[in-house]
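A short worksheet on the structure shown next.
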Amino acid sequence: MAMCVTYGQSLGKGSTPLSDAAAYTTSPVDPGNALMFDQDPFFNPYVGDGRTLRAFIDLKHVLHDQYGETHIGSFALQMLALMNAAGAKIPGIYWSKGNGGQSMRDLGDDVEGYVPKGKIGGLWQDLIRSVHCARREIVNTFRKKPAMLPMIFVHGEEDSYYPGLNAVEYCSGLRRVADLWNADLRRGHEWASAAPDLPIVITQTKRTPPWMYSSGNRIYKRGVDGPRLAQWAAPYLDSRLVLAGPNHHLPAAKDGSHLTPAGYFRLGEQIARQYWACTFGTGPRRFNPFAVIRQSPTEFDILFQMPSGSLALDTVNVTDALDGQKGFVCWDNATNSGVAISNVTIASANSVRVVMSADPRTTELWCDYALWGDSSSLLSQPATGPRGNLRTDTAYASLLGSFGGPETTDHDWCPAFRIPVPFWSGSPTVWMMDGRL
């Protein structure tokens, strides 16, 4: 028997506007193998007064106000299917301890949100108490000790707003979460003291706080170094943190902040592919730029490490941002101004070529991806807000159609990132990723 918990904000609970709310997996997703705690819409093993919920039932979703489908049903479906294919299906208990509007600052000594530096409590203790309760109830019911699986951490939206956290601060918060998670599991005997730390699978937030500059009659938005960039860079700095991917390609709810029920279903499948790889497979599936080659005064190539297949630019599932730039933007930090791009193409199976209109002649040239939008929306969505069109050509058939949703094919999508571009000094120059923020 395995235990898998999700922590984070309202996206981790399947929150969506009432007009969008629905549930697809209303029947057990895998009877006897995917289980949940009864009586609670988020599957928690205890309620607010501390009373434990001893009943286990098959995992399914029930529409409850603005909460319906979460990522948990499709995640369990995919994980169990992958286990079955490998000949080792492990029954599991799945639940979420998401707290809407919770900042990284709220992981403090009190539930009001004030955080003494270096201390922990409040909302975090709520999560750890749920793990301890789950373990006790599993032992009492099934007479066997459960295996703790990595945590899923769906978080970051709240810290993208003023005063927010910059990339270094949020990355430090993620690493602190990994420290606390593993320390508390060992303290509660959910994880062996001599075993390697359990990883945490994270997703990339939708929100990018902007500042603006104008070019002709266009208004462009440049995101600051917040959670979105930290979620991309943190896995370079800490192997316990694993990025499952962005969500700007997933169907967004009417409020722009959350996903539709179909979006949550597809998010669960996306998380499962990464979760399986880092838990039972050969290691994390990475989709990241690892080098930039300045080929000429106006051209540079970005080389990618990819989880599958070859690169592709998709303007069907995600509309083209910024008039053909496919989500790529060049920026001169020395003058705080944009550098015009005339073309973005696939240069090879693992590289993208960016062509600038002229040589900017700056030593502080940067390239952003999926951090800019061409509309008034600040939220990353398939047709508005900060987004990008880069994915691999590997296709995954979603199970959503089997549950009454639209037939859908998914891919591995590139997360948002920001990288420097080397100066043109008369011959090709190379920049290599070293993990620094």
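A few notes on this one:
- Euclidean distance of C-alpha centroids, segment 382-421 and segment 248-326, integer Å: 6 Å
- If the convex hull is drawn through the Cα atoms of segment 260-337, its volume per residue in Å³: 171 Å³
- DSSP bridge analysis restricted to the chain gives an antiparallel fraction near 75%, rounded to the nearest 5.
- Total lysine pairs under 22 Å (Cα atoms) in the chain, excluding pairs fewer than 8 apart on one chain: 16
- Expected 222 nm ellipticity per residue - DSSP helices of 4 or more, -39500 (n - 2.57), all of the chain, to 500: -6500 deg cm²/dmol
- Zone residues, segment 402-436, relative to V316, backbone N less than 13 Å from point 7 Å out along Cα-to-Cβ: 408-411
- Ordering H132, H258 by the number of other Cβ atoms within 10 Å of each residue's own Cβ, fewest first, gives H132, H258.
- Arranged from fewest to most other beta-carbon atoms within 10 Å of their beta carbon, D368, D65, D159, D332 become D65, D332, D368, D159.
- Simple point charges give the picture: +1 on the Cβ of Lys and Arg, -1 on the Cβ of Asp and Glu, and for the chain a dipole about the Cα centre of about 860 debye.
- Note on segment 288-432: Cα-Cα pairs beyond 19 Å make up 53% of the total pair count.
- Proxy reagent accessibility, fewest Cβ within 10 Å first, across L18, L59: L18, L59
- Kirkwood Rh in Å, taken over all unlike Cα pairs in the chain: 22.3 Å
- Amide H contacts under 5 Å for I200, placed H, 5+ residues apart: L241, V242
- To the nearest ten degrees, helix 123-142 and the longest principal axis of the Cα atoms of the chain are 50 degrees apart.
- Whole-Hz couplings from phi, Karplus 6.51/-1.76/1.60, listed for segment 11-21; x for Gly and Pro: 5, x, 10, x, 5, 7, x, 3, 5, 9, 4
Each value in this text was obtained by applying a stated rule to the coordinates, not by laboratory testing. What you see is a predicted model; the values in this text were computed from it and never measured. FYI the Cβ positions are ideal-geometry reconstructions off the backbone, even for glycines, and counts take in every protein chain you see.
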